[in-house]
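Data first, discussion second: the structure below is written as structure tokens.
The values are calculated or read from the model by the stated rules, or taken from the named source; none is laboratory data. These numbers were taken from a predicted model, which means no experiment stands behind them. For neighbour counting, all protein chains shown are included, and Cβ atoms are generated from backbone atoms with ideal geometry for every residue, glycine included.
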Amino acid sequence: MPQAVEPTTEHLPLSDNDVEAIDQLRSAYARLRQELAKVIVGQNAVIERLAICLFARGHGLLMGVPGLAKTLLVSKLAETMSLKFSRIQFTPDLMPMDITGTDILQDGESGRREFQFIHGPVFANIVLADEINRAPAKTQAAMLEAMQEQNVTVLGKTFRLVAPFLVLATQNPVEQEGTYPLPEAQLDRFMFLIELDYPSEAEEVLIARTTTGDTLPTLNHLLTPAEVIQFQHLVRRVPVPDHIYTYAARLVRKTRPGGATAPAWLKPLVSWGAGPRAVQYLILGAKARAALLGSYMVRLEDIQEVAAPVLNHRIITTFAAQAEGLDAKQIVRRLIEETMAER
């Protein structure tokens, strides 16, 4: 007789303590949005996706023209959570040690000169890697090692980064001269591609009213770093039904033109689809979104809401798609609509 499969923690209902913790996270997220609204006008979807990245322990790539308050938004997000914020302006002459830090020869207590490691700006809780595509490949690799391994290696010594650790990198989509575009393998390290658009006319008027005064308001500290880490662990415990895992896997597999489940219309438009990491980030993003909104289980709409920021930068289009004026966003949107209809 076949043996019964023991339920994993993914299928077990949340404990009473976890249910209470999700209620606390939902309340904290609502207060976070209220605090950020004091200095950030609109951008509600962007704020939600930044929060998802933070609590899912994923990194984000911000895309938007200059002047959309990307730096202000990220710094204020760190301020509300009592997290150390660091901004690195990437330039063509930036070296890896400018990010990680390096050993400096100094006078020791015994009077002898000895090397002392000076921490670089990557030793922070939230790091804004501004215009990451302006730095050469070696410097980008040092940043991406920190993202992936949660530590840095300098002169053979390994230094652990302090949790929580979140990297938010920006790319300027307008000026591309003298840049080093991130390869697809490095883009895959980012959980979300978060795109910022121009504000509406009403929002732009409000921006002018609220940001041209003497000083910006001081935001309240809503969480501590320890509480952020606790909520990150909580997000991992949010249950996911089996059909949600299946849906996420099937959605990602349809992006691969060589696969049997890829739609016929997609095959001439996509040269490379999303890898297994996309499935992981779909599930993690859906878990974080469910918890932030106070849900005790991942729902299908959670997957559908995070599908675009997870998949948009993982699909490589062909020349045929570019000739037709199609980009990855349009292809992902059509895939999501088709999978919704198949339910």
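Tabulated values for the structure
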item: Test result for Arg314, more than 17 Å from Met63 (Cα to Cα), at pLDDT 90 or above and buried (at least 16 other Cβ atoms within 10 Å of the Cβ); result: no
item: Strands (runs of 3 or more DSSP E) wholly inside the range 48-161 containing at least 2 residues that are surrounded by 14 or more Cβ atoms within 10 Å (Cβ to Cβ); result: 60-63, 85-89, 101-107, 113-119, 126-130, 151-154
item: Residue check for Val306: buried (at least 17 other Cβ atoms within 10 Å of the Cβ), more than 23 Å from Ala28 (Cβ to Cβ) and not assigned by TED's automatic domain parsing to the domain that holds Ser27; result: no
item: Every residue from the range 22-37 that is crowded, with 17+ Cβ neighbours inside 10 Å and either modelled with pLDDT under 90 or farther than 18 Å from Ile229 by Cα (or both); result: Glu35, Leu36
item: One residue from Glu324, Glu337, Glu301 being in contact (Cβ under 8 Å) with a residue 24 or more places away in the chain, among the charged types (D, E, K, R) and surrounded by fewer than 17 Cβ atoms within 10 Å (Cβ to Cβ); result: Glu324
item: 3 or more residues within 30 Å of Leu25 (Cβ to Cβ) and at pLDDT below 85: qualifying helices (runs of 4 or more DSSP H) within the range 163-262; result: 201-211
item: Pairs with Cβ under 7 Å, 6+ apart, first in the range 256-283 and farther than 16 Å from Thr318 by Cβ and among the aromatic types (Phe, Trp, Tyr), second modelled with pLDDT of 90 or more and in a loop (DSSP other than H, G, I, E, B); result: Tyr281/Gly58; Tyr281/Met191
item: Options Ala278, Ala274; residue that is assigned to a loop (DSSP other than H, G, I, E, B), surrounded by 15 or more Cβ atoms within 10 Å (Cβ to Cβ), within 20 Å of the chain's Cα centre (by Cα) and hydrophobic (A, V, I, L, M, F, W, C); result: Ala274
item: Scope the range 251-270; condition surrounded by 15 or more Cβ atoms within 10 Å (Cβ to Cβ) and polar (S, T, N, Q); matching residues; result: Thr255
item: The range 204-241: number of residues that are within 23 Å of Leu292 (Cβ to Cβ) and not aromatic (Phe, Trp, Tyr); result: 22
item: Number of the condition not met by Tyr296 [criteria: (1) without any contact (Cβ under 8 Å) to a residue 40 or more places away in the chain; (2) of a type in the set (Ser, Thr, Tyr); (3) closer than 27 Å to Asp16 by Cα]; result: (1)
